1. Using only the C-alpha atoms of the chain, find the volume of their convex hull and express it per residue in Å³.
2. Suppose a student asked you for the relative contact order of the chain, using Cα pairs under 8 Å spaced at least 6 residues apart; what percent would you report?
3. Can you tell me the relative contact order of region 31-90? Whole percent, Cα pairs under 8 Å, sequence separation 6 or more.
4. Cα extents of region 199-282 along the three principal axes, largest first, in whole Å?
5. Over all directions, what mean area does the Cα convex hull of region 233-274 project, stated in square nanometres?
6. What nm distance separates the two modelled labels at Ala50 and Ala93, each placed 7 Å from Cα along Cα→Cβ?
7. Would you please give the residues with an amide H less than 5 Å from that of Met7, counting only those at least 5 places away or on a separate chain, with H modeled from the backbone geometry?
8. Using a probe of 1.4 angstrom, how much of the accessible area of the chain is carbon and sulfur, in percent?
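The values are calculated or read from the model by the stated rules, or taken from the named source; none is laboratory data. Owing to the predicted nature of the structure, the values given are computational and were not obtained by experimental measurement. Because the Cβ atoms are built from the backbone with ideal geometry, glycine has one as well, and the counts that use them run over all protein chains shown. The area values use the complete protein model at the heavy-atom level, side chains included, leaving out ligands, DNA and RNA. Shrake-Rupley method; radii C 1.70, N 1.55, O 1.52, S 1.80 Å.
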Amino acid sequence: MLRIRLMTADDLPLGMRLKNQAGWNQTAADWQRFLAMQPEGCLVAEQDGAAVGTAVVTTFESVAWISMVLVEQSVRGRGIGKALMNQALDLAAELGCTSIRLDATPLGQPLYESLGFLPQYELTRCAGIARSTSAVSISPSVRIAEPEDIAAILAIDHSATGTRRDKFLLRLFAEQSDAVRVAEVDGQFAGYLSVRPGSDAIQLGSCIAETSAAGQSLLNDALNRYSLSRVYWDLPSSHSAAVALAQSAGLVPQRQLTRMCRGKNVNDDVIRLWASSGPELG
């Protein structure tokens with residue numbers, strides 16, 4: 001018998017085991033962040049008493065993100081993923097969300113399409129050992145973010161993503177404030193970049209910038225800081241400047257993701273979006 005229940009901290013080993021099976025990059029801290037942000041949105045599927053699947057719903061006002069839809073390899077193809085998704089969709093509706101978004105792997109995309117999700121655009125995960133890059137010819141200055149920068153960071157993020165991701169970004173900044181950088185042009189805020197550690201690689205992003213020069217300066221700074229480290233960078237596949245910069249840093253495409261939406265459309269400003277924060281929350 002299949003049962004879906006709420007996740008607890010005791011289920012963190014399950015989440016880590018399933019994400020390892022899938023080859024994903026999350027850490028225990030990522031799972032703890034999901035539980036802290038939206039405890040009623042973290043779901044576990046049990047088959048005959050054994051925990052075999054997960055899904056996470058995180059709401060940002062009227063927008064919900066679904067992520068971490070994982071099913072034990074030995075029981076895939078039995079409708080467990082679909083049952084988790086249906087529960088997640090019901091929960092998002094109960095919480096008043098009119099837009100539901102996710103990043104789909106090729107394996108999961110057919111299921112999401114069957115549930116009414118429509119493709120918006122493609123993302124490419126570029127991966128590899130980062131190497132130092134040359135700065136753009138006229139570089140905006142890049143510095144560590146200060147508390148007084150938070151309002152500008154939240155404002156540009158909302159403007160570019162159409163989603164008020166404050167509870168995610170504020171938590172991320174509190175965990176690693178020294179990992180957040182801002183770009184300035186003539187003393188004026190021009191964009192931000194955050195990073196977070198992963199089990200396999202450092203995740204670059206989010207990175208949102210008002211100008212191409214600001215975006216390149218932020219990513220150049222990050223690539224130089226993490227030179228000789230393994231990094232992941234999820235970027236819009238159509239963003240030619242970001243693709244070129246990733247290539248110059250020695251990163252190569254690892255996998256494709258499709259950003260999808262169900263319900264009221266929410267559009268990212270792909271030109272200003274130099275790096276996604278990852279499939280977890282866009």
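1. Residue-normalised Cα hull volume stands at 112 Å³.
2. 24 percent
3. RCO, region 31-90: 27 percent.
4. Extents along the principal axes: 42, 31, 17 Å.
5. About 3.3 nm², averaged over all directions.
6. 3.2 nm
7. Correct list: Cys42, Leu43, Val44.
8. 53 percent
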